[in-house]
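The values are calculated or read from the model by the stated rules, or taken from the named source; none is laboratory data. Quantities reported herein were computed from a predicted structural model and do not represent experimental measurements. Please note: Cβ atoms are built from the backbone with ideal geometry, for glycine as well, and neighbour counts cover all protein chains shown.
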Amino acid sequence: MRKILLILFCLILGSEIYATEYLDISWNEPEVNSQYSRFILENKLSESKIIRMEERNNDYVWGNLLESFSNLFSNNKSNIIHHNFKKPKSTFDLSFYAGFDYLKDSDEDFYYYNYAVLLCGSINRNLSYYANWYMGKINESNNLSNNWVLADTWRQPSGEGFYLDNITAKINYDSKLGDFAIGRGNFEIGSNISGSIILNDQTNDYGYFSHKIKLDNFELTFLHATLIADSTHAEMGIDDLYYANKKLEEKHLVMHMLKWKPNKKVQIAAGEQVIYGGRETDISYLLPHTFMRVTEHNLYNRDNVLIFADLDWKISESNSFYTNFIFDELSKSKLFTNWWANKWAFQIGDVQKLGFRDSRLALEFVAVRPWMYTHNVLTNKFSHEDRCLGYSSGSNILKYTAELNIDLHDNYGIDVQSSYSRQGSLGNDFTINYDSRPSDEASWLEGDITDKFFIGSVLTAKLNGHNKLKIGYSYEKILEEDAENQISISYQLIY
């Protein structure tokens with residue numbers, strides 16, 4: 001009851017926010033993203049739209065209580081607290097979020113109550129910070145909730161359900177030597193609509209420090225993150241999962257990427273990423289200007305190195321093309337054979353604007369070889385806390401995806417996504433130890449083939465400046481199995 005009274009009190013003490021500009025403190029954001037999402041919490045807060053710089057120089061003035069409360073049902077953008085400091089020139093924002101998510105399938109109902117607090121601001125535009133904390137409770141701990149897109153964080157059983165609790169945060173310092181940051185979050189590399197094959201953001205957040213420096217039309221980025229090892233309990237010989245989770249080995253992700261923009265239409269990037277574990281931070285991997293694959297060779301080949309490249313090409317004002325490529329192991333003499341260690345993934349897509357507001361149509365094809373993202377040292381799998389850091393649909397797969405985004409109005413839109421995939425059962429899961437392979441050959445779609453068709457549509461409505469609503473329906477059919485129909489509702493209050 002006290003929590004409810006506190007929330008109501010915070011809602012009442014709001015104030016109107018005037019026209020603002022934003023600071024961009026993002027480390028990397030793909031040129032093309034999927035706009036299809038069934039739940040509002042799926043949409044990550046953009047770091048280019050978090051830190052507000054108030055255009056006015058006047059100090060903050062509290063609005064009257066009645067006017068502030070009525071703003072909840074109007075288009076006036078307001079939050080709990082906004083303050084402008086003159087010396088040094090700084091801003092401070094505090095916002096509140098509360099929401100409800102509901103999912104209905106053929107077997108059961110599933111719902112999730114959640115609330116969140118966003119704290120952010122800047123000091124002289126050089127030092128910026130934010131912290132976004134949210135928590136909630138899911139009604140039941142069942143198979144649906146365990147695999148649910150929002151259940152990617154810490155969980156604790158409670159009665160007939162369990163609690164989720166998460167925090168995303170960052171402190172960013174902008175200097176002549178580049179942006180330096182320490183934070184907790186996750187990242188996405190490469191344009192896509194069905195998920196990134198290089199690094200996806202569909203995992204729990206992780207701690208990191210990063211550096212980004214721009215030199216004319218070049219950009220060098222560096223990231224070192226601390227991950228949570230997973231699927232290692234069998235190697236540890238521990239049966240008690242709770243106890244095993246307290247004994248996990250250290251695990252790290254390190255990445256560097258060089259991006260080149262020769263003109264306004266073309267952007268080319270290439271980089272390396274390494275997964276290593278079982279030891280503390282390795283100083284050798286803190287050098288952003290060296291070849292990590294060579295470094296790994298000199299560390300006795302005990303880590304997992306992947307090399308990637310991506311291209312974004314704005315063919316015209318209405319059409320954009322992108323492609324991504326990543327490989328783990330390749331042999332030039334065996335490149336066009338079925339050698340199992342030809343582990344690579346390829347992604348290609350095109351986006352066409354439809355001439356009606358910001359409506360667009362996107363088409364994409366993905367091919368991922370068997371055994372991609374796997375490793376013989378389970379700590380070094382390309383994963384974080386039981387979720388793959390690579391392509392979320394798995395490997396040994398061919399997948400075709402189409403997405404239609406219809407921008408009806410400033411506050412209304414419809415997103416439709418459809419996909420068809422064929423996936424073989426051999427080496428299709430990042431959790432598999434590749435030393436368990438049946439032979440040194442691995443052909444496309446080897447094993448039992450699963451054909452899957454999916455189509456989903458979502459209506460998104462911004463009811464006013466503070467209330468958002470999503471209503472969706474999806475149909476999924478696996479060949480020779482019953483179809484799965486789902487209805488989803490997602491609501492969020494922002495203040």
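Quick notes on this structure:
- Residues of the stretch 126-142 include none that is β-branched (Val, Ile, Thr), modelled with pLDDT of 90 or more and touching a Leu at 6+ places or on another chain (Cβ under 8 Å).
- Selection within the stretch 334-360 - small (Gly, Ala, Ser) and modelled with pLDDT of 95 or more: Ala345, Gly349, Ser359
- Filter result for Asn324 (of a type outside the set (Val, Ile, Thr) and at negative phi): yes
- Breaking point among (1) in a loop (DSSP other than H, G, I, E, B); (2) small (Gly, Ala, Ser); (3) closer than 23 Å to Gly413 by Cα, for Ala341: (3)
- For the stretch 466-495, filtering for residues that are in contact with a helix residue (DSSP H, G or I) (Cβ under 7 Å, 6 or more places away or on another chain) and closer than 19 Å to Leu118 by Cβ leaves 5.
- Test set (1) closer than 30 Å to Glu317 by Cα; (2) assigned to a loop (DSSP other than H, G, I, E, B) - Lys399 fails condition number: (2)
- Hits in the stretch 215-226 - residues which are within 14 Å of Pro288 (Cβ to Cβ) and at pLDDT below 95: Leu215
- With respect to (1) modelled with pLDDT of 85 or more; (2) out of contact with any helix residue (DSSP H, G or I) (no Cβ under 8 Å at 6 or more places or on another chain); (3) among the small types (Gly, Ala, Ser), the lone exception for Ser70 is condition (1).
- Checking each residue of the stretch 316-332 against the condition of being among the charged types (D, E, K, R), closer than 21 Å to Gly447 by Cα and assigned to a loop (DSSP other than H, G, I, E, B) gives no match.
- Which numbered condition Phe336 misses (of (1) farther than 22 Å from Pro370 by Cα; (2) assigned to a loop (DSSP other than H, G, I, E, B); (3) more than 24 Å from the chain's Cα centre (by Cα)): (1)
- Of Thr374, Thr337, all but one fail to be in contact with a helix residue (DSSP H, G or I) (Cβ under 9 Å, 6 or more places away or on another chain), within 29 Å of Asn433 (Cα to Cα) and among the polar types (S, T, N, Q); the exception is Thr374.
- Only one of the listed residues (Ala98, Ala131) is under 24 Å from the mean Cα position of the chain (by Cα) and touching a residue at least 60 places away in the same chain (Cβ under 8 Å). That residue is Ala98.
- Of all residues in the stretch 187-230, those satisfying the criterion of being without any contact (Cβ under 8 Å) to a residue 60 or more places away in the chain, under 27 Å from Asn124 (Cα atoms) and either surrounded by fewer than 21 Cβ atoms within 10 Å (Cβ to Cβ) or in contact with a helix residue (DSSP H, G or I) (Cβ under 7 Å, 6 or more places away or on another chain) (or both) are Gly207, Phe209, Ile213, Lys214, Leu215, Asp216, Asn217, Phe218, Glu219.
- Failed item, numbered, when Glu476 is tested on (1) assigned to a loop (DSSP other than H, G, I, E, B); (2) closer than 19 Å to Ser393 by Cα: (1)
Conditions (1) within 25 Å of Ala362 (Cα to Cα); (2) among the polar types (S, T, N, Q); (3) crowded, with 18+ Cβ neighbours inside 10 Å, marked per residue:
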{"residue": "Asp410", "(1), (2), (3)": "yes, no, no"}
{"residue": "Ser418", "(1), (2), (3)": "yes, yes, no"}
{"residue": "Arg422", "(1), (2), (3)": "yes, no, no"}
{"residue": "Asn428", "(1), (2), (3)": "no, yes, yes"}
{"residue": "Asn433", "(1), (2), (3)": "no, yes, no"}
{"residue": "Ser436", "(1), (2), (3)": "no, yes, no"}
{"residue": "Phe453", "(1), (2), (3)": "yes, no, no"}
{"residue": "Asn464", "(1), (2), (3)": "no, yes, no"}
{"residue": "Ile471", "(1), (2), (3)": "yes, no, no"}
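- Only listed residue being more than 30 Å from Ser359 (Cβ to Cβ) and in contact (Cβ under 8 Å) with a residue 40 or more places away in the chain, chosen from Asp448, Asp410, Asp440: Asp440
- Odd one out for Ser175 among (1) farther than 28 Å from Val366 by Cβ; (2) at pLDDT 95 or above; (3) out of contact with any Leu (no Cβ under 6 Å at 6 or more places or on another chain); (4) not hydrophobic (A, V, I, L, M, F, W, C): (2)
- Hits in the stretch 421-460 (condition: modelled with pLDDT under 95, outside any loop (DSSP other than H, G, I, E, B) and not polar (S, T, N, Q)): Tyr434, Asp435, Glu441
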